[in-house]
1. Specify which of the listed residues (Glu272, Glu255, Glu280) is crowded, with 16+ Cβ neighbours inside 10 Å and either out of contact with any His (no Cβ under 9 Å at 6 or more places or on another chain) or of a type in the set (D, E, K, R) (or both).
2. Out of curiosity, is Leu153 surrounded by 18 or more Cβ atoms within 10 Å (Cβ to Cβ), within 22 Å of Phe108 (Cβ to Cβ) and not charged (D, E, K, R)?
3. Can you name the residue in region 165-184 that is outside any strand (DSSP E or B) and within 28 Å of Thr63 (Cβ to Cβ) and is also most open to solvent (accessible area, probe 1.4 Å) among such residues?
4. If you scan region 263-287, which residues turn out to be assigned to a loop (DSSP other than H, G, I, E, B) and farther than 26 Å from Asp37 by Cα?
5. Could you please tell me which pairs satisfy a Cβ distance under 6 Å, a separation of 6+ or placement on different chains, a first residue in region 43-68 that is farther than 16 Å from Asn80 by Cβ, and a second residue that is of a type outside the set (A, V, I, L, M, F, W, C) and modelled with pLDDT of 95 or more?
6. Using the structure shown, decide if Lys162 is under 19 Å from Leu212 (Cβ atoms) and open to solvent by 20 Å² or more (accessible area, probe 1.4 Å).
7. Any idea which of His84, His117 is closer than 15 Å to Pro180 by Cβ and either of a type in the set (Val, Ile, Thr) or in contact with a strand residue (DSSP E or B) (Cβ under 7 Å, 6 or more places away or on another chain) (or both)?
8. Of the conditions (1) open to solvent by 60 Å² or more (accessible area, probe 1.4 Å); (2) part of a loop (DSSP other than H, G, I, E, B); (3) under 29 Å from Thr98 (Cα atoms), Ser260 satisfies every one except a single condition; which number is it?
Amino acid sequence: MRLLHRIVLLVLLSVLTIASVSCGREHGEVVRIGVNDLALPHWAVYKKKAAEQGITVEFVNFTDYNQPNPALAQGQIDLNKFQHVRYLANYNVANNDTLTPIGASEIFPLTLYSRKHKSVTEIPQGGEITLSNNPANQVRPLLSLAAAGLVVLKNGATWDSKIEDVDTAASKVKLTTIDPTLTAPSLDSVDAAFVDDTFATPAGLTDKDVILTDDPERPELKQYINVFAARAEDKDNPTLLKLAALYHDPDVEAEVRAESGYQGIFKSNSPEDLQTTLGELEKHFRG
């Protein structure tokens, strides 16, 4: 009987140990999130809020847009937050990958800045405008420039328009594609530049420098909602879903809104809605 009691006791101790370890993992998880704006103060609030829920967040800051998605695909990070749905769809198709959005963050108006002119009508014939060299971030500027009468697109303005479709002879301005981190500095030498919100604020750009913008609430611009992305096998991971939703904690949102020059509009589209938009874009890009 003593032997039996010992065996039972050992089994109970083993169960308790396993439960304790499991509990420890649940409340002491470490999740690595890739971002491109770690210097912004809202991430400190976000990290504190995550810790209150038993999740330890470690951030990895990327200065090159080409790095966060491969890092996610290779398991170096667990989530990333830097891109919109259209960018993600382009990446997946080009790399035969399956990264997927699991939460919406915000959408930003497209913004053309200038330090030389007060409106697009002041840009002279032959003036130069810089924009991102990433094809995923070019069609929206092209459509806005076409609508403003600054460029002419050979086959008309469509969501399939590419930089190669610009009729340079018929257009009023010259377009130069550069690394997005260089668009803000380029304003010292060009007539205007499309600058991502991430780079506009650190460069000291404000509303007084804006000469053209669009309405980000237009239905067709849902593809430009910024997202938290995960690997496909993790799309239902409760911890990652919780972290994506945490961006909309009132304290986190308030900190984001308080940041100088912030122009974003918070979005709460469901993961399923974002994934549907992603799938439609990927199907279209594959032809």
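1. Details: Glu272 fails: crowded, with 16+ Cβ neighbours inside 10 Å; Glu280 fails: crowded, with 16+ Cβ neighbours inside 10 Å.
Going through Glu272, Glu255, Glu280 in turn, the sole match is Glu255.
2. Values: surrounded by 18 or more Cβ atoms within 10 Å (Cβ to Cβ): yes; within 22 Å of Phe108 (Cβ to Cβ): no; not charged (D, E, K, R): yes.
Here the answer is no, as Leu153 does not meet what is asked.
3. Step one: list which residues in region 165-184 are outside any strand (DSSP E or B), which gives 165, 167-172, 179-184.
Those left that are additionally within 28 Å of Thr63 (Cβ to Cβ): 179-184.
Working: Asp179: 58, Pro180: 11, Thr181: 51, Leu182: 92, Thr183: 2, Ala184: 7 Å².
For region 165-184, the residue satisfying everything is Leu182.
4. Residues of region 263-287 assigned to a loop (DSSP other than H, G, I, E, B): 263-264, 267-270, 287.
Gly287 - this is the single residue of region 263-287 that is assigned to a loop (DSSP other than H, G, I, E, B) and farther than 26 Å from Asp37 by Cα.
5. Val45/Asp251; Val45/Glu255; Lys49/Asp249
6. Values: under 19 Å from Leu212 (Cβ atoms): no; open to solvent by 20 Å² or more (accessible area, probe 1.4 Å): yes.
No.
7. Matching residue, one of His84, His117: His84.
8. Of everything listed in (1) open to solvent by 60 Å² or more (accessible area, probe 1.4 Å); (2) part of a loop (DSSP other than H, G, I, E, B); (3) under 29 Å from Thr98 (Cα atoms), Ser260 misses just condition (3).
The values are calculated or read from the model by the stated rules, or taken from the named source; none is laboratory data. Small disclaimer: the values here were computed from a predicted structure and weren't measured. Because the Cβ atoms are built from the backbone with ideal geometry, glycine has one as well, and the counts that use them run over all protein chains shown. These area figures cover heavy atoms from the full protein model, side chains too; ligands, DNA and RNA do not enter into them. Shrake-Rupley method; radii C 1.70, N 1.55, O 1.52, S 1.80 Å.
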